[in-house]
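These notes concern the structure reproduced below.
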Amino acid sequence: MAGDSSAQGMRWHWQDLDYAGIDAEQVRGSDELFLLLCSASFMESGSSTYTRNLIEYFADDAPVAAWLNDHWEPEELQHGRALKAYVQHVWPDFDWDAAYADFFNEYGKLCTVGELEPTRGQEMAARCVVEMGTTTYYQALNAVCSEPVLRDLTWRIRTDEVQHYKHFYHYFLQYRKSDGLKRWQVAAALWRRVAELRQSDTDVALRHAVAWRFGHAPQDYEAMSKRVFAIMAHEYPIELAVRMVMKPLQLSSRLQRWTERPVAALTRRLLLQ
Ligand SMILES: [Fe+2]
Ligand SMILES: [Fe+2]
């Protein structure tokens with residue numbers, strides 16, 4: 001069954017984490033950590049909606065559909081399950097299920113097949129951007145927290161996201177060839193998805209996390225999200241982000257060197273300000 005944590009081939013299981021050993025006092029006082037973890041748990045738990053769209057798009061490519069179904073989706077859902085368990089352990093008063101249902105009501109409408117890229121190769125490139133986004137997110141989160149169970153959890157998830165990136169990249173190479181993609185088409189797909197990373201999805205998750213925990217007015221939400229982003233920006237692995245975004249362009253090493261700096265500046269502006 002999709003999302004079953006007993007799915008074959010997973011490198012770890014959410015029950016493996018030492019929830020009883022969490023040093024809750026170390027994290028409970030941090031509103032920022034709550035928001036980072038809670039919004040991530042919402043996004044990961046909602047990933048099955050996106051997977052349905054992707055599986056439809058790649059339905060006649062059996063290996064890709066099988067990987068999405070049997071590996072990618074259960075792993076993303078497991079990230080959600082593990083983060084939810086962590087949040088519930090540290091903040092037991094928070095009604096995660098009700099908040100998530102409210103979040104999903106809005107988020108589910110944002111995921112439509114129409115938002116996929118025009119060609120499959122471009123969609124694979126776009127998926128590389130998404131996995132870059134999660135890899136760097138969990139790497140930064142790992143760097144900002146010191147609670148040992150949370151460090152363990154964020155690093156496990158980070159490692160999975162790198163593997164997802166590698167899979168999508170491998171499929172991208174195949175489709176780039178069969179679709180006959182030009183480099184500008186790849187660049188356009190990368191650009192579109194990078195620009196999207198800071199928009200809708202993450203915003204929806206964060207907004208619901210804030211509303212259900214603090215019930216603040218919209219102006220408080222703005223201030224809070226700025227504080228959360230500032231914390232992450234401090235530890236954000238920008239060079240890694242740039243390398244992962246640019247890899248599908250397959251530039252010569254000279255061209256790569258010339259473009260890395262302006263792309264890093266642009267990425268920083270887009271993602272961190
Ligand atoms: Fe994930
Ligand atoms: Fe992933």
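Selection of first residues in the stretch 58-84 that are acidic (Asp, Glu) and of second residues that are not in a helix (DSSP H, G or I), restricted to Cβ pairs under 8 Å at least 6 apart or on distinct chains, gives the following pairs, ordered by first then second residue: ASP70/ALA7; ASP70/GLN8; ASP70/GLY9; GLU73/ALA2; GLU73/GLY3; GLU75/MET10. Going through the stretch 144-154 one residue at a time, which ones are assigned to a helix (DSSP H, G or I) and within 19 Å of CYS38 (Cβ to Cβ)? Residues satisfying the conditions are VAL144, VAL149, LEU150, ARG151, ASP152, LEU153, THR154.
Every residue, every condition in (1) within 15 Å of ligand 2 (Cβ to nearest atom); (2) buried (at least 17 other Cβ atoms within 10 Å of the Cβ); (3) under 13 Å from the mean Cα position of the chain (by Cα), yes or no:
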{"site": "PHE34", "(1), (2), (3)": "no, yes, no"}
{"site": "LEU37", "(1), (2), (3)": "no, yes, yes"}
{"site": "MET43", "(1), (2), (3)": "yes, yes, yes"}
{"site": "TYR50", "(1), (2), (3)": "yes, yes, yes"}
{"site": "PHE58", "(1), (2), (3)": "no, yes, no"}
{"site": "PRO63", "(1), (2), (3)": "no, no, no"}
{"site": "LEU68", "(1), (2), (3)": "yes, yes, no"}
{"site": "HIS71", "(1), (2), (3)": "yes, yes, no"}
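Note on the stretch 214-242: residues that are outside any helix (DSSP H, G or I) and within 23 Å of SER146 (Cβ to Cβ) total 2.
Just one of the listed residues (PRO118, PRO74) is modelled with pLDDT under 95, not in a helix (DSSP H, G or I) and not β-branched (Val, Ile, Thr), namely PRO118. Residue selection: ALA126 satisfies the criterion of being in a helix (DSSP H, G or I), within 13 Å of the chain's Cα centre (by Cα) and either modelled with pLDDT of 95 or more or surrounded by 23 or more Cβ atoms within 10 Å (Cβ to Cβ) (or both). If you go through the stretch 164-189 and keep only what is within 14 Å of ligand 2 (Cβ to nearest atom) and either outside any helix (DSSP H, G or I) or free of Cβ contacts under 8 Å to residues at least 40 places away in the same chain (or both), you end up with just LYS166. Taking every residue in the stretch 122-149 that is under 25 Å from ALA24 (Cα atoms) and pairing it with any residue that is away from ligand 1 (no atom under 16 Å from the Cβ) and in a loop (DSSP other than H, G, I, E, B), at least 6 positions away or on another chain, the pairs with Cβ-Cβ distances below 6 Å are THR136/PRO237; GLN139/PRO237; ALA140/TYR236; GLU147/ASP23; VAL149/ASP18; VAL149/ILE22. Inspect the stretch 197-205 for any residue being closer than 25 Å to GLU260 by Cβ, touching a residue at least 60 places away in the same chain (Cβ under 8 Å), more than 16 Å from ligand 2 (Cβ to nearest atom) and not polar (S, T, N, Q) and give the result as yes or no. Looking through the stretch 197-205, at least one residue is closer than 25 Å to GLU260 by Cβ, touching a residue at least 60 places away in the same chain (Cβ under 8 Å), more than 16 Å from ligand 2 (Cβ to nearest atom) and not polar (S, T, N, Q).
The values are calculated or read from the model by the stated rules, or taken from the named source; none is laboratory data. Everything numeric here is computed off the predicted structure, so don't read it as measured data. Reconstructed Cβ throughout: ideal geometry from the backbone, glycine too, with neighbour counts over all protein chains shown.
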